[in-house]
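Q: Please find one structure pasted underneath; my questions will follow.
The values are calculated or read from the model by the stated rules, or taken from the named source; none is laboratory data. In this text, all values refer to a predicted model and were calculated from it rather than measured experimentally. Glycine also receives a Cβ, built like all others from the backbone with ideal geometry; neighbour counts cover every protein chain displayed.
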């Protein structure tokens, strides 16, 4: 399995680094370990505006610094409060394009005490990249990192 060990994620979370340093280290670990994780980043919830604010990420720069709930795949995951997988972004009407190279995307919510606090967003240049094992692994990663919020 190409995923980093969950222990590596737990070690990052337990480290004395600040929250954004931890999130950045997790992005890097995921990006390095999984060849089809081409863009890995976090969006942090701004409850007052019902928006997602770009946090630490690894990959090409994005113009999407703030995403309203309901807009794009990230906004949809925030509205639905569940993991969203899109195997072909070209078929998605509500897709916010970050790069012409992106073919598929997964967005996993991060909950703290039952409240949405962030999302882990991963883009792939590979069509239909995300499988059940990706979802299960990334949902566990998000459960582990929820303590950083």
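Q: Across region 47-57, what is the total count of residues that are surrounded by fewer than 18 Cβ atoms within 10 Å (Cβ to Cβ) and touching a helix residue (DSSP H, G or I) at 6+ places or on another chain (Cβ under 9 Å)? Give the derivation first.
A: Of the residues in region 47-57, the ones surrounded by fewer than 18 Cβ atoms within 10 Å (Cβ to Cβ) are 47-50, 53.
Filter once more, keeping what is touching a helix residue (DSSP H, G or I) at 6+ places or on another chain (Cβ under 9 Å): 50.
Adding up the residues that qualify gives 1.
Q: Next question, about the same structure. Filter region 100-118 down to residues that are farther than 21 Å from residue 145 by Cβ and out of contact with any strand residue (DSSP E or B) (no Cβ under 7 Å at 6 or more places or on another chain) and give me whichever is modelled with the lowest pLDDT. Break it down stepwise before answering.
A: First, the residues of region 100-118 that are farther than 21 Å from residue 145 by Cβ: 100-104.
Remaining after also requiring out of contact with any strand residue (DSSP E or B) (no Cβ under 7 Å at 6 or more places or on another chain): 100-101.
On the way: 100: 75, 101: 85.
Among them, the one singled out is 100.
Q: Can I ask one more? Could you tell me which residue of region 16-31 is farthest from the chain's Cα centre (by Cα), considering only residues that are surrounded by 14 or more Cβ atoms within 10 Å (Cβ to Cβ) and under 20 Å from residue 78 (Cβ atoms)?
A: 19
Q: Could you tell me which numbered condition residue 63 fails, if it satisfies all but one of (1) more than 23 Å from residue 147 (Cα to Cα); (2) surrounded by 13 or more Cβ atoms within 10 Å (Cβ to Cβ); (3) over 14 Å from the mean Cα position of the chain (by Cα)?
A: Failed condition: (2).
Q: So, one more: Kindly evaluate residue 29 against the criterion of being within 10 Å of residue 58 (Cα to Cα), without any contact (Cβ under 8 Å) to a residue 24 or more places away in the chain and in contact with a helix residue (DSSP H, G or I) (Cβ under 9 Å, 6 or more places away or on another chain). Walk me through how you get there before you give the answer.
A: Values: within 10 Å of residue 58 (Cα to Cα): yes; without any contact (Cβ under 8 Å) to a residue 24 or more places away in the chain: no; in contact with a helix residue (DSSP H, G or I) (Cβ under 9 Å, 6 or more places away or on another chain): yes.
Against the criterion (within 10 Å of residue 58 (Cα to Cα), without any contact (Cβ under 8 Å) to a residue 24 or more places away in the chain and in contact with a helix residue (DSSP H, G or I) (Cβ under 9 Å, 6 or more places away or on another chain)), residue 29 does not qualify.
Q: For region 77-84, state whether one or more residues are in a helix (DSSP H, G or I), at pLDDT 95 or above and crowded, with 20+ Cβ neighbours inside 10 Å.
A: Yes, the conditions are met somewhere in region 77-84.
Q: Follow-up question, since we're still on this one. Considering each residue of region 37-70, count those that are assigned to a loop (DSSP other than H, G, I, E, B) and under 21 Å from residue 7 (Cα atoms), and give that number.
A: Let us first name the residues in region 37-70 that are assigned to a loop (DSSP other than H, G, I, E, B), namely 37-38, 47-50, 59-65, 69-70.
If we keep only those that are under 21 Å from residue 7 (Cα atoms) as well, we get 37.
Qualifying residue count for the region: 1.
Q: Shifting gears a bit: Can we say residue 34 is out of contact with any strand residue (DSSP E or B) (no Cβ under 8 Å at 6 or more places or on another chain), surrounded by 13 or more Cβ atoms within 10 Å (Cβ to Cβ) and under 24 Å from residue 19 (Cβ atoms)? Spell out the reasoning first.
A: On the way: out of contact with any strand residue (DSSP E or B) (no Cβ under 8 Å at 6 or more places or on another chain): yes; surrounded by 13 or more Cβ atoms within 10 Å (Cβ to Cβ): yes; under 24 Å from residue 19 (Cβ atoms): yes.
Answer is yes for this residue.
Q: Checking residue 62 against (1) touching a strand residue (DSSP E or B) at 6+ places or on another chain (Cβ under 8 Å); (2) more than 24 Å from residue 115 (Cα to Cα); (3) modelled with pLDDT of 95 or more, which test does it fail?
A: The single condition residue 62 does not satisfy is (3).
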